[in-house]
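Okay, structure first, notes after.
The values are calculated or read from the model by the stated rules, or taken from the named source; none is laboratory data. Everything quoted here is computed from the prediction, not taken from an experiment. Quick reminder, even Gly has a Cβ in these numbers, built from the backbone with ideal geometry, and neighbours come from all protein chains shown.
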Amino acid sequence: MEPTLRKYGYARDTMTQMLVSGMSLSSKAPTDLSCVVGTDASGKDKWAGECAACGKWCGAIQERLERNDIRCKAGFYRDWRRQMWERAIFDAVFNLVGSVRKEKTDIQEVVLYYEEEASEMMVQVTKALRGMLAVTLLYGYEERLMGYAEQRGELECQLNDKMYDYTFCYPIGPTSMVAEYLNYAKDKMGLLQDIEVPNESK
């Protein structure tokens, strides 16, 4: 949502924003989707896929979610922004790598069989983030994304025409590997037929 918020001058520290990707709303009661992906040097659990909030009312959001057993990080906009872009990369990369396969592929299978491709694409996107928006993801992002995909990646990979502008927004879309896969998805797989995908040379 950052490009939209910037357009109207709402991408700022006091703006309350929430990343809801760490919970499921498909059942009667919200369910936590975060997971442990290992331990750090001091033996503490490393978590991935948590909800996150920032801005004036972030504490209230965190308290309400945690009352319902849903993990939520509350912090400054700068850190929340990194978490938001981390999730954006997850949605773009894993779905794109999985969608160009002949057989139906879920996100978990991308980690199991196409991890190298996903990793290379993530590196390109993170470099673009640093160069174009001066955003550096938090340390260990690749381990978190791979771990989350392996444990919570039951959904089938898909490219949604209606969500294209949000999933492959600047600067994710222009990166060369993303552009190459998007063109393949359109030309060879018959996907995104009504979408103008970026030129592969960019």
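Tell me, yes or no, whether the range 122-143 has at least one residue that is acidic (Asp, Glu), without any contact (Cβ under 8 Å) to a residue 60 or more places away in the chain and under 28 Å from Ser34 (Cβ atoms). Before the answer, list the steps.
First, the residues of the range 122-143 that are acidic (Asp, Glu): 142-143.
Next, from what is left, pick out any that are without any contact (Cβ under 8 Å) to a residue 60 or more places away in the chain: 142.
When the remaining residues are screened for being under 28 Å from Ser34 (Cβ atoms), the result is 142.
Checked against the condition, which is being acidic (Asp, Glu), without any contact (Cβ under 8 Å) to a residue 60 or more places away in the chain and under 28 Å from Ser34 (Cβ atoms), the range 122-143 yields at least one hit.
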Identify the single condition in (1) under 22 Å from Gly147 (Cβ atoms); (2) free of Cβ contacts under 8 Å to residues at least 60 places away in the same chain; (3) not aliphatic (A, V, I, L, M) that Ser21 does not satisfy, given that it satisfies every other one.
(2)
Using beta carbons and a limit of 6 Å, which pairs, at least six apart or on different chains, have the first residue in the range 34-57 and among the acidic types (Asp, Glu) and part of a strand (DSSP E or B) and the second one surrounded by fewer than 16 Cβ atoms within 10 Å (Cβ to Cβ) and at pLDDT 95 or above?
Asp45/Val36
Tell me, yes or no, whether the range 65-84 has at least one residue that is assigned to a strand (DSSP E or B), surrounded by 17 or more Cβ atoms within 10 Å (Cβ to Cβ) and of a type in the set (A, V, I, L, M).
yes
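Give me a count of the residues in the range 163-202 that are outside any loop (DSSP other than H, G, I, E, B), of a type in the set (Gly, Ala, Ser) and modelled with pLDDT of 95 or more. Working first, answer last.
Here is the first cut: in the range 163-202, the ones outside any loop (DSSP other than H, G, I, E, B) are 164-167, 176-187.
Now drop any that are not of a type in the set (Gly, Ala, Ser), which leaves 176, 179, 185.
Subset that is modelled with pLDDT of 95 or more: 179, 185.
Qualifying residue count for the region: 2.
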Residues that are touching a Pro at 6+ places or on another chain (Cβ under 8 Å), at pLDDT 85 or above and surrounded by fewer than 17 Cβ atoms within 10 Å (Cβ to Cβ): does the range 24-33 have at least one?
yes
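Taking the conditions exactly as written (in contact with a helix residue (DSSP H, G or I) (Cβ under 8 Å, 6 or more places away or on another chain) and not β-branched (Val, Ile, Thr)), does Ala74 satisfy them or not? Break it down stepwise before answering.
On the way: in contact with a helix residue (DSSP H, G or I) (Cβ under 8 Å, 6 or more places away or on another chain): yes; not β-branched (Val, Ile, Thr): yes.
It is true that Ala74 is in contact with a helix residue (DSSP H, G or I) (Cβ under 8 Å, 6 or more places away or on another chain) and not β-branched (Val, Ile, Thr).
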Mind listing just one residue for me: the one in the range 165-202 that is hydroxyl-bearing (Ser, Thr, Tyr) and surrounded by 18 or more Cβ atoms within 10 Å (Cβ to Cβ) and, of those, farthest from Pro3 (Cα to Cα)?
Tyr181
Just for the range 34-60: of the residues that are within 16 Å of Tyr139 (Cβ to Cβ) and β-branched (Val, Ile, Thr), which one is modelled with the lowest pLDDT?
Thr39
